[in-house]
Amino acid sequence: GASGYNVNERRTSENGFDTHGEVAMEVKRRCFDVLGFDTYVESMADGLQVLRYNLTTAYVPHLDWIDDFQRLQEHNFDSEGVGSNRFATILLYMSDVGEKEG
């Protein structure tokens, strides 16, 4: 796995990853399209992370990154292997709360 992760302790969600499910693959391919990539490259994509917040939790803006202070890793966006910092993050927000309920 990657080293040098910085974890923000303010995160309050329950979460899970779907890396190769049918819907996850469709969403990941569509994200590549939205970002203007001509082709989908699996090694350059993270899994689809699904977060759940309930009435006592909330999304808190934060930054995630991998430090490489000694510059031992050549930076590229191929996340296969040890990982790398992201080129982009796409956030899809879904809710079952009615328009006038929240």
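The values are calculated or read from the model by the stated rules, or taken from the named source; none is laboratory data. Just so you know, these numbers come straight off a predicted model, no measurement behind them. We place every Cβ from the backbone using ideal geometry, glycine too, and count neighbours over all the protein chains shown. SASA here: full protein model, heavy atoms, side chains in, ligands and nucleic acids out. Shrake-Rupley method; radii C 1.70, N 1.55, O 1.52, S 1.80 Å.
Here are some notes:
- Heavy atoms of S95: accessible area, 1.4 Å probe, square angstrom to 10: 70
- On the beta carbon distance between T89 and N54, with R0 = 22 Å, the FRET formula returns roughly 0.45.
- Counting only heavy atoms of the protein chains and using a 1.4 Å probe, M44 has close to 80 Å² of accessible surface.
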